[in-house]
Amino acid sequence: MSLTRFKISAYLRSHRIVQPFVGLLAVVIILYSSRVAVGQELPSYADSAALLVPVFAWATRGLLDTEPDVQRLISITAVGRPGREVASGLVASVAVSCGLAFLALVLPLAIGFRAVPGTAVLIGGLALHVLSVLTGTVLGALSSRPILPDPATSALTMLGGYVAILLLSLAPITWLTVPIISWMRAAGQDAFLSRSLPGLATVTVFWCSIALITYISLRRTRP
């Protein structure tokens, strides 16, 4: 946990948090430039979760890129095992992305909705943004400097991965990839929490788990 706090502190002090924060503000301004009609709050949360995936990926990539390579080796030595250093980076990335997601959930309540939505809508919006944070974290980790040292290749991989997920999720077969488009489609249907969310969450967690295992495996050979 000390190393996690160290990574978050270094990320904040580097001011790299400004970049994904500006991206978050852009998404919020676009989505809520006009107040959302009553009954459409959950679909708007779904749109927010889908659009914020690259923002969370950007935040993760920035956090993992902040630490110089030599400092990363020192951190591995300090905590005793490479796995602890990898875990601390992922936990720090999730913490930062969760902070951004919290803003994405709260700001619409003040400036975006015509009426405060019910508990079911808030739970659904929270669940969708959790899935978005999970997806963005693994996408950003796989495109971070420990995996892809070249900045241009890293950025193109991150954006290309997001676009590829969007294109694949347009297919009627939900399990092909993280079903981002299905999040948006299902949010406008009845009984979202009980009928649609469990299946979408299962598919999302499955693909994110595979991506996470891939990242951890690559980090074993790329300290």
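The values are calculated or read from the model by the stated rules, or taken from the named source; none is laboratory data. Note that the structure is a prediction, hence the values are computed from the model and not measured. Every residue, glycine among them, receives a Cβ derived from its backbone with ideal geometry; neighbour counts consider all protein chains shown. When the accessible area is computed, the model is the full protein with side chains, heavy atoms only, and any ligands, DNA or RNA have been set aside. Shrake-Rupley method; radii C 1.70, N 1.55, O 1.52, S 1.80 Å.
Any chance you could check the Cα centroid distance between segment 53-108 and segment 153-215 for me, in angstrom?
About 21 Å separates the Cα centre of segment 53-108 from the one of segment 153-215.
Please compute the length gained on full extension between Leu73 and Arg114, using 0.36 nm multiplied by the number of residues separating them and subtracting their Cα-Cα distance. Write out the running numbers ahead of the final one.
Values: separation 41, 0.36 × 41 = 14.76 nm, distance 5.11 nm.
Gain in length upon complete extension: 9.7 nm.
Given the options Gly112, Gly99, Gly23, state which has the largest fluctuation in a GNM of the chain using a 10 Å cut-off (strictly under) for Cα springs.
With Cα springs under 10 Å in the chain, the top fluctuation among Gly112, Gly99, Gly23 is at Gly99.
Rounded to a whole number, what % of the accessible area of segment 1-48 do carbon and sulfur atoms account for, probe 1.4 Å?
Numbers: 1760 of 2730 Å².
Answer for segment 1-48 is 64 percent, counting heavy atoms of protein chains only.
Per the 1.4 Å probe, what fraction of the accessible area of segment 143-223, in percent, lies on carbon and sulfur atoms? Each step should come with its number before you reach the end.
Values: 3210 of 4480 Å².
On segment 143-223, the fraction of accessible area on carbon and sulfur atoms equals 72 percent.
For the charge dipole of segment 78-223, defined by +1 on Lys and Arg C-beta atoms and -1 on Asp and Glu C-beta atoms about the Cα centroid, which residue among Thr214, Leu166, Leu134 has the Cα displaced farthest towards the positive pole?
Of Thr214, Leu166, Leu134, it is Thr214.
Determine how many Å³ per residue the convex hull of the Cα atoms of segment 6-120 encloses.
Working: hull volume 12.1 nm³, N = 115.
It is 106 Å³ per residue.
Quick one: angle between helix 197-221 and the longest Cα principal axis of the chain, in degrees between 0 and 90, rounded to 10, please.
That works out to roughly 10 degrees.
Can you compute the charge dipole magnitude of the chain about its Cα centre, using +1 on each Lys and Arg Cβ and -1 on each Asp and Glu Cβ, nothing else charged? Give it in debye, rounded to the nearest 20.
Working: 16 positive and 8 negative charges, 93 e Å.
Roughly 440 debye for the chain.
Can you work out the accessible area per residue across the chain, with the rest of the protein chains kept in place, probe 1.4 Å, in square angstrom? Write out the running numbers ahead of the final one.
Working: 10850 Å² over 223 residues.
For the chain, the solvent-accessible area averages 49 Å² per residue.
Would you mind giving the three semi-axes, in whole Å and largest first, of the ellipsoid equivalent to segment 160-223 according to its Cα gyration tensor? Intermediate values should be presented prior to the final figure.
Values: eigenvalues 147, 38, 12 Å².
So the three semi-axes of segment 160-223 are 27, 14, 8 Å.
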